[in-house]
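Presented below is the structure to which this report refers.
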Amino acid sequence: MRVLLANPRGFCAGVAMAVEVVDRLTNVLEEPIYVYHDIVHNRHVVNRFEAKGVVFTEAIETIPEGSVLVFSAHGVSPEVRQKAKARKLRAVDATCPLVTKVHGEAIRYAKAGLDILLIGHADHQEVIGTRGEAPGEIRVIESEADAEAIEVFDPSKVVYLTQTTLSTDDAGRIITILKRRFPAIKAPPGEDICYATTNRQGVVAEFADQVDRVLVIGSSNSSNSVRLAEIAENRGTKAMRIDDVREIDPQFLDGAGRVLVTAGASAPEDLVQQVIAHLRANYNASIEVINAPGEAMEFALPPTMRKVLSAEGHEVPREGISIDADRVTREWMGREAILFTPITAKGNCL
C-alpha cells in the first residue's frame, strides 16, 4: 500500500489556542474548571481533559457560582454570556477568532437593517452562537432546497454569512443559488470558511481522484472532519471517517493500493500516528507526506484568561503571547511528528 499523508492536518490555530487555554488553567488552578460545550469537537480531547478533572456542561445553571468557566472554540450567544455573568462565573473566552469575526459581521449587518442568511448546520454550536447575536435578523440556510425556498423582506438589503467549517463544495452551490435569486445580495468582507477548513479540503479535493480510498481521522460531531469525507465522496472516491485506529474496517481497505490519510482540525496527531503505524504493520505501507503550503496562523491567549489568572495571584502569560499549533500538537500529546519523504500539492490551498 502507498499512503499519502496530508499536511497540513489536525490541530488548527483556533483549536490549539482553545486546548492550550484549558490545559494551562488545569495546570495552575486547583479548583475544577468548567467548559461550556466540548472545548473542541473531538471525543479524545474531551476524554483526556475529563481525566484531568475538567467538567463539560451544556447547562450554565448547573455550575457553582463563582467558578471558572471556559467558552468553547465554537463561540456562544449573548444569552449564554449573560447567564454566566448572572452566576458570577469567571469566564474565559476561548472562541476561535475566526468565529468571533463572523459574530461581529452578524452584529454589524443586523444594525444596518439587513436580512442575514447564515449558511450552515442549524444544530451546530457555532451556528447557534452566531444566530444568537441577532435572532430576529438571522435565518439559517442548511441546503440548496432551503436556498431555493427562502424569502427575504427586501431583496436589495440581504447578506449571506457562512459557518467556518462548511464544505466549500456545498457552500459554493448554495451561494450560487442565493446570488441567482437575489442579485444584490452582499457577501462578507472576507471568506468566512476558515483557512484550516479550506486547506484540508483543498488537499482532499486535489488528491482524491489519485487514490483508491480516503481515511479521515476525526469525531462524528466534528463538522470539518465529516466534510472532508464528503469532499472525497463528491469526487467519486470512497471515504471513511474514523475516530481512531480501532474503527478501521479491513473491508474498506480491501484492494486499496493508494490511500490518502488526513485529519480534521480538532484531531490529535497521536491518533494519526496510530493509524499510520497500523497501515505500515498490516499493509506494508510506504508513506509520503503531501506538503501543501504551510499554515503560519497563530492566535494569542485570550485577555480574559489573563484577567482570571491575575485575580487568583498566578503568573500571567505575557501580553500577546501566541500559540503555535504545531507546538501544542507535539507537547500536549507528548509525541514528535514523524517525517517521511514529501510530495508537493498544488492547486488552491492557502
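Nothing in this text is a laboratory measurement; each read-out follows from the coordinates by a stated rule. Since this is a predicted model, take the numbers as computed values, not measurements. Because the Cβ atoms are built from the backbone with ideal geometry, glycine has one as well, and the counts that use them run over all protein chains shown.
Take the alpha-carbon centre of the range 120-151, take the same for the range 4-49, and report the distance between them in whole Å.
27
Once phi is turned into ³J(HN,Hα) by the Karplus curve 6.51 cos²θ - 1.76 cosθ + 1.60 with θ = phi - 60°, what whole-Hz value does each residue of the range 66-71 show in order, with x for glycine and proline?
Listing the rounded values in order: x, 6, 8, 10, 10, 7 Hz.
Using only the Cα atoms of the chain, build the gyration tensor, take square roots of its eigenvalues as a ≥ b ≥ c, and label the shape rounded, prolate or oblate: rounded if a/c is under 1.5, else prolate if a/b is larger than b/c, else oblate. The partial results should precede the final answer.
On the way: a/c = 2.01, a/b = 1.12, b/c = 1.80.
Oblate, since a/c reaches 1.5 and b/c is not below a/b.
Counting only DSSP beta bridges with both residues in the chain, tell me the antiparallel percent, nearest 5.
If I count the DSSP bridges inside the chain, around 5 percent turn out antiparallel.
Label-point separation (nm) for R180 and R235, each offset 7 Å from Cα along Cα-to-Cβ?
It is 2.5 nm.
Sticking to Cα atoms, compute the Rg of the range 65-166 to one decimal and its Dmax as the biggest Cα-Cα distance, whole number, in Å.
Final numbers for Rg and Dmax: 14.7, 48 Å.
Identify, among P78, S223, I33, the residue whose Cα sits farthest towards the positive end of the charge dipole of the chain, taking +1 on the Cβ of Lys and Arg and -1 on the Cβ of Asp and Glu, with the dipole about the Cα centre.
P78
Pull up all non-local amide H partners of A292: gap of 5 or more, or a different chain, and H-to-H distance under 5 Å with H placed in the peptide plane.
For A292, the qualifying residues are N7, A345.
Starting from 0.36 nm per residue, how many nanometres of slack lie between D169 and E79 once their C-alpha separation is accounted for?
Residue separation times 0.36 nm, minus the Cα-Cα distance, leaves 29.1 nm.
Just to check I understand the Karplus step: with θ = phi - 60° and J = 6.51 cos²θ - 1.76 cosθ + 1.60, what whole-Hz values come out for the range 55-61, glycine and proline as x?
Couplings: 10, 9, 8, 10, 10, 4, 5 Hz.
Step through the residues of the range 228-235 one at a time and calculate ³J(HN,Hα) from phi using the Karplus curve (6.51 cos²θ - 1.76 cosθ + 1.60, θ = phi - 60°), rounding each to whole Hz and writing x for Gly and Pro.
With coefficients 6.51, -1.76 and 1.60, one gets 4, 5, 5, 4, 5, 4, 4, 9 Hz.
Suppose only helical runs count, i.e. DSSP H with n ≥ 4. What mean residue ellipticity at 222 nm does that imply for the chain under -39500 (n - 2.57) per run, divided by all residues and rounded to the nearest 500 deg cm²/dmol?
The helix-only estimate for the chain comes to -11500 deg cm²/dmol at 222 nm.
Once amide H atoms are built 1.01 Å from N in the peptide plane, which residues 5 or more positions from A239, or in another chain, come under 5 Å H to H?
Answer set, sorted by chain and number: V214.
Hey, got the dipole for the range 98-181? About the Cα centre, +1 on K and R Cβ, -1 on D and E Cβ, debye to the nearest 20?
That gives a dipole near 360 debye.
Looking at the range 18-68, which GluC sites (Glu not before Pro) are in a loop (DSSP not H, G, I, E or B) and have at most 15 other Cβ atoms within 10 Å?
On the way: sites: E20, E30, E50, E58, E61, E65; in loops: E30, E58, E65.
Hits after loop and neighbour filter: E30, E58, E65.
Can you list residues whose amide H is under 5 Å from C96's amide H, if they're 5+ apart or on another chain and H is modeled 1.01 Å from N?
Hits under the 5 Å cutoff: H74, G75.
When Lys and Arg each count +1 and Asp and Glu each count -1, what net charge do the other residues less than 14 Å away from N284, Cβ to Cβ, add up to? Walk me through the numbers before you get to the answer.
Numbers: positive: R2, R258, R280; negative: none.
Neighbourhood net charge equals +3.
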